[in-house]
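I have placed the structure first, in the form of structure tokens, so that the comments after it can refer back to it.
The values are calculated or read from the model by the stated rules, or taken from the named source; none is laboratory data. Source: prediction; values computed, not measured. In this analysis, Cβ positions are derived from the backbone assuming ideal geometry, glycine residues included, and neighbour counts consider all displayed protein chains.
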Amino acid sequence: MTVVRASGVGSLPHLEPLEAATAVLNELDDLPHLPELPRRGRGADAIGRTAALLVDLPVEVVGSQWQVAARAGADLRAARGYLGDDVTALAVAAHGYSGALKVQVVGPLTLAAALARPRGEAALSDRGLRRDLAASLADGLATHVGELGSRLPGAEIVVQVDEPSLPAVLQGTLPTRSGRARLAAVDVSEAAGLLRTVLASAPGETVVHCCATAVPWPALREAGAGGVGFDLDLLSDADLDDVAATVDAGGTLWIGAVPTLPAAAAAPPPSADGLAARTRRLWRRLGFPDDLLRDRSVITPACGLAGWDPAHAMATYRTTQQAATRLSHDDPGLAQ
């Protein structure tokens, strides 16, 4: 029987790594993930966490922004410490675990847009630095996956690359540091090549997550992404051909069926039946055989849940898993 999987995007509101890892493993049956806990402070944020993986490319915080630096400073040491704590906590909580296990990193284009050059513009504005960042991240990611695999030998590591800024990078709509101009657009082929460099360092399943409008589906296929994660609420009719092309190419759809806008953080979790129905409606629009779409679908929240209450976040994971179980066993053809 083909199984629809459920997972989270990555970030959670917890402060204690072992508590978070245990909760994730308790709620997600087939595809738990390494939690990201940005509330702990500077260095635990997504950029700092990914910077902790970079090889021979130190960064530091100046003012409120991460930037490339000559040597590692206290902020980078803190980021490495947080990541080490998270990996250790997961290794304890998941001792003896066998199955798929997801880790997340910020992708090379979003990372280049967020990092500044020393006393200068975004790293995105420097083609050579963009290339160096992608290569450094690829090396660091390979080491990270290898370490986690050695500590959890039964785990099949899935790598999620987060690229929320990718559409803006390709469209040339990101502001410069002064805000008076826009950073030049990066060519689609170059962007796909940089992303391919990072994805190729992952030995197993990969997914690129982009919870923005105008997901660049063709670029992600060109980059070799094994799957694409997206916000279901932002999917337009014009996207359907590209979504279908991704399935045709063997890709997996990581369907962000749980809304995560600020209002959702204060609302009860959507019902499992409601999430299953939303997913089935997308399946019907795509028109592929049900068994194929079951095998190629992962149900997730649209984005991370760092701003939520911990109990609410875990209740949402529980409902997402229940929806995936319903979709695995029910006949989607019965849904309208």
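Suppose we keep only residues that are under 12 Å from Val9 (Cα atoms) and among the hydrophobic types (A, V, I, L, M, F, W, C) within segment 252-264. Which one would you say is surrounded by the most Cβ atoms within 10 Å (Cβ to Cβ)?
Val258
Results for (1) touching a Cys at 6+ places or on another chain (Cβ under 7 Å); (2) under 30 Å from Asp29 (Cβ atoms); (3) surrounded by fewer than 23 Cβ atoms within 10 Å (Cβ to Cβ), shown as yes or no for each residue.
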site: Gly154; (1), (2), (3): no, yes, yes
site: Val161; (1), (2), (3): no, yes, no
site: Ala184; (1), (2), (3): no, no, yes
site: Ala214; (1), (2), (3): no, no, yes
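Determine which member of the set Arg131, Arg177, Arg127, Arg151 is out of contact with any His (no Cβ under 7 Å at 6 or more places or on another chain) and at pLDDT below 95.
So the residue among Arg131, Arg177, Arg127, Arg151 that is out of contact with any His (no Cβ under 7 Å at 6 or more places or on another chain) and at pLDDT below 95 is Arg177.
Quick one: would you say Ala302 is within 19 Å of Pro164 (Cβ to Cβ) and modelled with pLDDT under 95?
Taking the combined requirement at face value, the residue does not satisfy it.
Inspect segment 163-178 for any residue being assigned to a helix (DSSP H, G or I), under 25 Å from Ala116 (Cα atoms) and of a type in the set (Gly, Ala, Ser) and give the result as yes or no.
Yes, segment 163-178 contains a residue that is assigned to a helix (DSSP H, G or I), under 25 Å from Ala116 (Cα atoms) and of a type in the set (Gly, Ala, Ser).
Out of (1) at pLDDT 95 or above; (2) aliphatic (A, V, I, L, M); (3) surrounded by 19 or more Cβ atoms within 10 Å (Cβ to Cβ), what's the single condition that is false for Val61?
The single condition Val61 does not satisfy is (1).
Which residue pairs have Cβ atoms under 8 Å apart, sit 6 or more places apart or on different chains, and have a first residue in segment 227-252 that is more than 24 Å from Lys102 (Cβ to Cβ) and touching a residue at least 40 places away in the same chain (Cβ under 8 Å) and a second that is part of a helix (DSSP H, G or I) and not hydroxyl-bearing (Ser, Thr, Tyr)?
That search, which allows pairs on different chains as well, returns Leu240/Arg285; Leu240/Leu286; Ala244/Leu286.
Condition first: in contact with a Ser or Thr (Cβ under 7 Å, 6 or more places away or on another chain) and within 22 Å of Leu141 (Cβ to Cβ). Now tell me which residues in segment 1-27 satisfy that.
Within segment 1-27, Ser7, Gly8, Val9 meet the criteria.
Just give me the residues in segment 39-51 being surrounded by fewer than 23 Cβ atoms within 10 Å (Cβ to Cβ) and either over 16 Å from the mean Cα position of the chain (by Cα) or within 28 Å of Ala272 (Cα to Cα) (or both), in sequence order.
Of everything in segment 39-51, those that are surrounded by fewer than 23 Cβ atoms within 10 Å (Cβ to Cβ) and either over 16 Å from the mean Cα position of the chain (by Cα) or within 28 Å of Ala272 (Cα to Cα) (or both) turn out to be Arg39, Arg40, Gly41, Arg42.
Which condition from (1) crowded, with 17+ Cβ neighbours inside 10 Å; (2) part of a loop (DSSP other than H, G, I, E, B) is the one that Ala267 breaks?
All conditions pass for Ala267, except number (1).
Being buried (at least 16 other Cβ atoms within 10 Å of the Cβ), out of contact with any Ser or Thr (no Cβ under 8 Å at 6 or more places or on another chain) and among the β-branched types (Val, Ile, Thr) is the filter here; which residues of segment 87-127 pass it?
Val87, Val103
Determine, yes or no, whether Asp291 is of a type in the set (D, E, K, R), modelled with pLDDT under 95 and farther than 18 Å from Val158 by Cβ.
yes
Given the residues Val215, Val207, which is the only one that is closer than 24 Å to Asp295 by Cα, in a loop (DSSP other than H, G, I, E, B), touching a Phe, Trp or Tyr at 6+ places or on another chain (Cβ under 7 Å) and at pLDDT 95 or above?
Selected residue: Val215, the only one of Val215, Val207 that is closer than 24 Å to Asp295 by Cα, in a loop (DSSP other than H, G, I, E, B), touching a Phe, Trp or Tyr at 6+ places or on another chain (Cβ under 7 Å) and at pLDDT 95 or above.
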